[in-house]
Amino acid sequence: MRQKQLVGFGLALVGAFFFSSKAVFIKLAYQYEVDPVSLLTLRMLFALPFFVGTLFYQSYAEERKRFKWKDWVALGAFAIMGYYLASLMDFIGLQYLTASLERVLLFIYPTFVMLLSALFLRKRITPIQLVALAITYTGILIIFYEKLSISWDTLLIIGALWVVGAAITYAVYLVGSEYYMRRIGSVKFTALAMTIACSTVVFHYTAVNGSWEIFQFPLAVYIYVLMIAIFATVIPSFLISEAIARIGAGNVSIVSSIGPVSTMLLAYLLLGERYTFWQVVGTLIVIGGILLITLMKGKT
């Protein structure tokens, strides 16, 4: 049992690190003037074969027979929310934010999960969770106050709003799709949701661009997108799913707190981002608040 848990924690750690690399690769790709919709479309196209293969491997057809049309509508809606809208808003926000700040803002999605669960599922928010909320947003305020006190940047606010919107949308997806994840399993659900989301992204690209010119970017763009698709999407998705099966979602969430820190490290090494004392302090406060929310969730 101990070995199983150690492997689970290791998988969660590696998965969280890989997930955290997404923002860095996106920022690298943006150096070549690729737009968010094209970048997101390429990411989905490169990742799609892996998720379609997973559907066949998991023999999803047997589960599909049990679904009614309203189940498909609901599942499709949540898939579009979580893997299309949230991803698109995140990609747009990264045009204006540093990779490390984007990761911190996206990392607060558990606070929205808690608030949405209280609003729609009538799950009680405890006093300690309220304290955790206050801690989390105090950290966010410290980061932004420090940045805006140096120089007021409207684009920074715009980027932050896009990423916060992505965090809210992803939280809606998590709250709404929990039933279907339990019904068919997280791996199958993720593969199916990504397949639906990819179709939506391709339709969006065609509607926006009017022509299929997605393969005319410099070679470096496709290398970075391949890294996003494989190392920041496909591999961590399955690592996290396996980790959840071994040590539970609560423990995986705790281990995933390394995400903002690893993003800061990668952004420092690959993008040359530099951090002030108060940015580091604010980030650590946010991580502490999210950890407290996660720990309290496991006890309720």
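The values are calculated or read from the model by the stated rules, or taken from the named source; none is laboratory data. Keep in mind it's a predicted model, so treat the numbers as computed, not measured. Here the Cβ positions follow ideal geometry from the backbone for every residue, glycine too, while neighbour counts run over all protein chains shown. Keep in mind that these areas ignore ligands, DNA and RNA; they rest on the heavy atoms of the full protein, side chains included. Shrake-Rupley method; radii C 1.70, N 1.55, O 1.52, S 1.80 Å.
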>> Quick test for you: out of 161, 156, pick the one residue that is open to solvent by 40 Å² or more (accessible area, probe 1.4 Å), over 15 Å from the mean Cα position of the chain (by Cα) and touching a residue at least 40 places away in the same chain (Cβ under 8 Å).
In response: 161
>> Among the listed residues 55, 11, 6, 28, identify the single one that is within 16 Å of residue 191 (Cα to Cα), open to solvent by 10 Å² or more (accessible area, probe 1.4 Å) and of a type in the set (A, V, I, L, M, F, W, C).
In response: 55
> Within segment 129-138, is there a residue that is closer than 24 Å to residue 22 by Cα, more than 15 Å from the chain's Cα centre (by Cα) and surrounded by fewer than 21 Cβ atoms within 10 Å (Cβ to Cβ)?
Replying inline: yes
> Hey, any hits in segment 103-111 for a residue that's more than 22 Å from residue 262 (Cβ to Cβ) and open to solvent by 60 Å² or more (accessible area, probe 1.4 Å)?
Replying inline: no
> Has segment 244-256 got any residue that is within 19 Å of residue 87 (Cβ to Cβ) and out of contact with any Ser or Thr (no Cβ under 7 Å at 6 or more places or on another chain)?
Replying inline: yes
